[in-house]
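So the structure is just underneath, and the comments pick up after that.
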Amino acid sequence: MNVTTPLEKLTPKDFTSDQEVRWCPGCGDYAILKAVQKTMPELGLKRENIVFVSGIGCSSRFPYYMETYGFHTIHGRAPAFATGVKLANPELSVWVVTGDGDGLSIGGNHLLHILRRNVDVQILLFNNEIYGLTKGQYSPTSRIGTRSPSTPGGSIDNPLSPTEFALGAGARFVARGIDTQQKHLPDLFLRAHAHKGASFIEIFQNCIVYNDAVFEDFTAKPVADERQIHVEHGKPLRFGKDGQHGLRLKPQSLALEVVTVGENGVTEADLLVHDETSRPLANLLAAMQPPDFPMAIGILYCNPTESYTEKVQRQVEDAKAKTKAAPGDINALLRSGHTWEVTD
Amino acid sequence: MVRFAGDSGDGMQLTGGQFTLTTALAENDLATFPDFPAEIRAPAGTTYGVSAFQINFGARRIKTAGDEPDVLVAMNPAALKVNLKDLKEGGLVILDTGSFTERNLQKAGYEKNPLEDETLAPYRPVKIDISRLTLEAVKEFGLSQKEALRCKNLWTLGLIYWMYGRDRKATTAWLEQKFAKRPELAKSNIAAMDAGHAFGETAEMPAEIGGFTIGEADIEPGLYRTVTGSEALAWGLVAGAKLAGLKLTFASYPITPASTLLHTLAKLKAYDVVTFQAEDEIAAVCAAIGASYAGTLGVTSSSGPGLALKMEAIGLAISVELPLVIVNSQRAGPSTGMPTKTEQSDLFQAVWGRNADSPVAVVASRSSSDCFDVAIEAVRLATKYMTPVILLTDGYIANASEPWRLPDADTFEPMPVVFRTDPEGFHPFLRDEKTLARAWAVPGTPGLEHRVGGLEKDYDSGHISYDPVNHQRMTNVRAEKIQGIARDIPPQAVELGEAKGKLAVVGWGSTYGPIDRAVARARQDGADVAHIHVRHIWPLPANLKALLESFDKVLVAEMNNGQLATLLRSQYQLPIESLSKVSGQPFRISEIEAAIRRALEN
């Protein structure tokens, strides 16, 4: 009789490396690390088949703390390294950890292209709206007027919205989370992992040293219910302490408006229902900013298509099927054109 | 030696390519030099839109594309203007008089018509209205005037085939295949070629032209083909990866003159090749490193400006000690420089062009077919020593074709990579005692989960370390590892001449042909001179210093401002002389011969 021993289920501890975590005490990165380590056993993967790739910055220290394979690369280029890893071995589960400086400033080009190509990786962008590791300069997501060592008079350039950028780049999975929402983050990570193709998650992450409380306008307890909307596929877009508010489309201008159910004749039937496969809706949700609108949290967009990695493999397999030469026959390759014999 | 010159739209490269193949089939030895403008379609008729293809062939071994052409084919006044000064005195110049219109003369900058003044007096002009004759030859196929005139190059090729008694069959077959979907174009091009050939036979041509017979060169028996540097490189990389037992991941960004390598490899997917056109040079090298990290052979390719962009990432590959092959098809610089012109000015960049003490291995190919062997060598060093290897080639080698006696791949020595699988006592920077290479442990291997990165790591555990003593030790071991390669490469040989004497001419890369011919000629005249050609630029062969010391004088000939000369002086403290040429054109044999004479006189 054959006895099959079921794979022993791993625990978050199995994904904790022996390295001492060196983020500042109170940093939002701890919470994200915990959520990721909590998610890993749920993926049903062996540790050796998981790779974390990062660039440079506070967030990019992440791979050192994961008991998986990890590659801490150079500033901004993690998506390019991750693409190479997937080209070499499509079976690996590849996670890119980046930040707002690493991913959107020096590495904006690579982030754009990995999303456009739809390489099958999960990208976690820790957005703290500041450069932490270089001691507090403003970043491409810092709000106008951010005072920092490099902008003593306040920053003057427009911030970039990571989710709008991702949607613009053609990403097929775009989500948002908050570092402190420990229950919610693992769900996002699981969905991102299940998605074939590039999945992009922006995580609002508090930098306690250089940009403390910058997200308080929608994360602070007293305002959170009114300033956040947790979107769920197939459910009406409602928010507020008792779910009394909702989002309605103004057909004349194709813009969203916040309404209150039960006021001015508004019923739930007037509200938009979240359809995560709708790109126009995802764009509207991504663009909402407090205080006029709630911050949309959750999976804004998920509409899978064949991934780049799958297509690359298919072309290789097709070429192999078509070739007449034996696999790897170098002599056949060298003699594939016009040849002639020289005799004595 | 024949040079075809015309407008970049006149099909000169194609004409040259066909003549090359046919010449090879006639068992002449040959070397070619394609020289084309950077603009895809420069304005017609202008001097900067002139495209030329030179082929040197004969019954002896041919190692260069030649200095001065014997025959110049000029398809328009601009082509004549640009190329006439190179023609040998008394050389034959075949002209399309139909293109010498007032407008074309003006565009070429001729004030007077050179067909009518003394311009052509030192040469033997053959004036033919090729435009009109071509139009007549293809009249029956009903092409537009523009399409019909495009057959001019084949008419000319037919005439040249007649002059050298060449067979037209190969080109006929090639045209039929190329224009399989438009048979009228195949027919009209063949008709134009036949008409050019018939013109040679029947027209009253000056007695001395035509009927050249070039004897068969004394060529080693075997199976041959023509090959460009890009092709040989691509095949060498594929062969190297196969010998190492690895799949090949090639990531590159288009840049002249390196793109042809990407094009060639993109067609070889059946050989377990994945090609990736990245969004930029940096992404290309990073993807290649990522691919090596995950257990395939990562290769990237570029030209000088692109290599500069890749340097930070190459530094990471040095720090995490992963195999990586970087092909650099050098071109004239600085900055954008002259993208289609050749130069060897990235030697410093390859050997020293990174932040910090960051040694890599550097090898250089000397000719188109040599690219095959050098590519395999680069793969061998990269995988055995877990290091980036920069392979230097140049625009001339990439595009020039030469006959190649095909090796038998079954006789190649396998060099299989062994990945680390044993978790016992593992850490990622565990070194092989002999090579000092670290263990290659790839994702997917159970029990070897580990983290690597660009931060300094501890020699004994592989963990991040800021320890001062450790950093010194790691810096030293990275340098020793690369220097140790010197024990694993062939000692430097002498190409031509004795291993001691009055003068050694040292070269590297594509200067091989002209140096070899110049040294051979000087030796025929009794000069005591030898030719040494360096393939391993870094580390240098272990015996090179002693070898150079056995000569009274050492002259380094290179197409830069003295980079190898400086490197050798810095390593060996020898009084090394430099012959440099930075014009975007290869050395002429005569230039090196003159330098040899000067060096021996003083």
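Here are a few things to note about the model shown:
- Its alpha carbons considered, region B:56-153 gives a radius of gyration followed by a Dmax of 15.5, 45 Å.
- Residues of type aspartates and glutamates that B:Lys146 reaches as a straight line, Cα spacing below 18 Å, ignoring anything fewer than 8 places off in the same chain: B:Asp7, B:Asp10, B:Asp96, B:Asp129, B:Glu136, B:Glu184
- Pairs of Cα atoms farther than 26 Å apart, region B:188-320, %: 46 percent
- Antiparallel DSSP beta bridges within the protein assembly as shown, percent to nearest 5: 35 percent
- Derived from the Cα gyration tensor, the three semi-axes of the equivalent ellipsoid of the protein assembly as shown are 59, 35, 25 Å, largest first.
- Of the residues B:Glu343, A:Glu341, B:Glu495, ranked by 1.4 Å probe accessible area with the largest first, the sequence reads A:Glu341, B:Glu495, B:Glu343.
- Backbone geometry of region B:446-463 corresponds, through the Karplus equation with coefficients 6.51, -1.76 and 1.60 at θ = phi - 60°, to 3J(HN,Hα) couplings of x, x, 10, 3, 7, 10, 10, x, x, 6, 4, 10, 6, 4, 9, 10, x, 6 Hz, x marking Gly and Pro.
- When the charge dipole of the protein assembly as shown is built from unit charges on Cβ atoms (+1 for Lys and Arg, -1 for Asp and Glu) and taken about the Cα centre, the candidate among B:Leu120, B:Ser292, B:Ala108 whose Cα reaches farthest toward its positive end is B:Ser292.
- Computed on protein heavy atoms with a 1.4 Å probe, the accessible areas place A:Val21, B:Val93 in the order A:Val21, B:Val93, largest first.
- At an R0 of 45 angstrom, the distance between the Cβ atoms of B:Ala203 and A:Gln315 translates into a FRET efficiency of 0.25.
- For B:Ser259, the solvent-accessible surface computed with a 1.4 Å probe is close to 20 Å², ligands and nucleic acids excluded.
- Share antiparallel - DSSP beta bridges, chain A, percent rounded to 5: 35 percent
- According to the Kirkwood relation over distinct C-alpha pairs, the hydrodynamic radius of region B:109-262 is 19.6 Å.
- Between the listed residues B:Leu540, B:Val554, B:Val519, the Cα displaced farthest toward the positive end of the dipole of region B:483-602, a dipole computed from Cβ unit charges relative to the Cα centre, is found at B:Leu540.
- Working from label points 7 Å from Cα in the Cα-to-Cβ sense, the B:Asp525 to A:Gln19 distance is 6.5 nm.
- For A:Ser307, the solvent-accessible surface with a 1.4 Å probe is about 0 Å², rounded to the nearest 10.
- Highest-fluctuation residue, A:Gly136, A:Gly265, A:Gly177 considered, GNM on chain A with Cα pairs under 10 Å: A:Gly265
- Charge dipole (Cα centre; +1 on Lys/Arg Cβ, -1 on Asp/Glu Cβ; no other charges) of chain B amounts to roughly 500 debye.
- Build a GNM of chain A with springs between Cα atoms under 10 Å apart, and of A:Gly246, A:Gly298, A:Gly26 the one that fluctuates most is A:Gly26.
- Cross-link table A:Lys311/B:Lys178; A:Lys38/A:Lys221; A:Lys196/B:Lys269; A:Lys46/B:Lys269, entries beyond 27 Å C-alpha to C-alpha: A:Lys311/B:Lys178; A:Lys46/B:Lys269
- Electrostatic dipole magnitude of chain A [Cβ: Lys, Arg +1; Asp, Glu -1; Cα centre; debye, to 20]: 360 debye
- Here the simple spin-label model places points 7 Å from the Cα toward Cβ, and for B:Leu14 and B:Glu456 these points are separated by 6.0 nm.
- Placing +1 on the Cβ of every Lys and Arg and -1 on the Cβ of every Asp and Glu, with no other charges, gives the protein assembly as shown a dipole of roughly 400 debye about its Cα centre.
- Column: log10 I(q)/I(0), Debye, Cα scatterers of chain A, q = 0.06, 0.07, 0.14 Å⁻¹: -0.27, -0.35, -1.14
- With a Förster radius of 51 Å applied to the beta-carbon distance between A:Thr305 and A:Val266, the computed FRET efficiency rounds to 0.90.
- Spin-label proximity, B:Ala546 to region B:457-500 - amide N less than 17 Å from point 7 Å beyond Cα toward beta carbon: B:486-494, B:499-500
- With the charge dipole of region B:53-145 set up from +1 on Lys and Arg Cβ and -1 on Asp and Glu Cβ about the Cα centre, the Cα lying farthest toward the positive end among the listed residues B:Ile62, B:Gly98, B:Ala79 is that of B:Ile62.
- Straight-line cross-link partners of B:Lys500 among the lysines, defined as a Cα under 22 Å from its Cα and at least 8 positions apart when in the same chain: B:Lys545, B:Lys553.
- Of the GluC sites (Glu not before Pro) found in region B:401-454, the ones in coil according to DSSP and having at most 13 other Cβ atoms within 10 Å of their Cβ are B:Glu424, B:Glu433.
- 19 Å Cα-Cα threshold exceeded, pairs from B:Lys242/B:Lys384; A:Lys324/B:Lys267; A:Lys324/B:Lys181: A:Lys324/B:Lys181
- Residue-level accessible surface for B:Glu601, protein heavy atoms, 1.4 Å, Å²: 140 Å²
- Low-density loop positions, trypsin sites (Lys or Arg not before Pro), region A:250-344 - DSSP coil, at most 15 other Cβ in 10 Å: A:Lys324, A:Arg335
- Taking every DSSP helix (H) stretch of at least 4 residues in chain A, weighting each as -39,500 (n - 2.57) and dividing the sum by the residue count yields a mean residue ellipticity at 222 nm of -7500 deg cm²/dmol.
- Binned Cα-Cα distances of region B:539-590, short to long, each 5 Å bin given as a whole percent: 4, 20, 27, 23, 14, 11, 2
- In summary, the convex hull built on the alpha carbon positions of chain B has an orientation-averaged projected area of 29.5 nm².
- A DSSP coil position with no more than 10 other Cβ atoms inside 10 Å describes none of the chymotrypsin sites (Phe, Trp or Tyr not before Pro) in region A:270-344.
- A 1.4 Å probe over all protein chains sorts A:Asp217, B:Asp467, B:Asp460 by accessible area into B:Asp460, B:Asp467, A:Asp217, starting with the largest.
The values are calculated or read from the model by the stated rules, or taken from the named source; none is laboratory data. The shown structure was predicted, so the numbers you read here are calculated from the model rather than taken from an experiment. Backbone-built Cβ (ideal geometry, glycine too); neighbour counts: all protein chains shown. Each accessible area value is taken on the protein alone, full model and side chains, heavy atoms only, with ligands, DNA and RNA left out. Shrake-Rupley method; radii C 1.70, N 1.55, O 1.52, S 1.80 Å.
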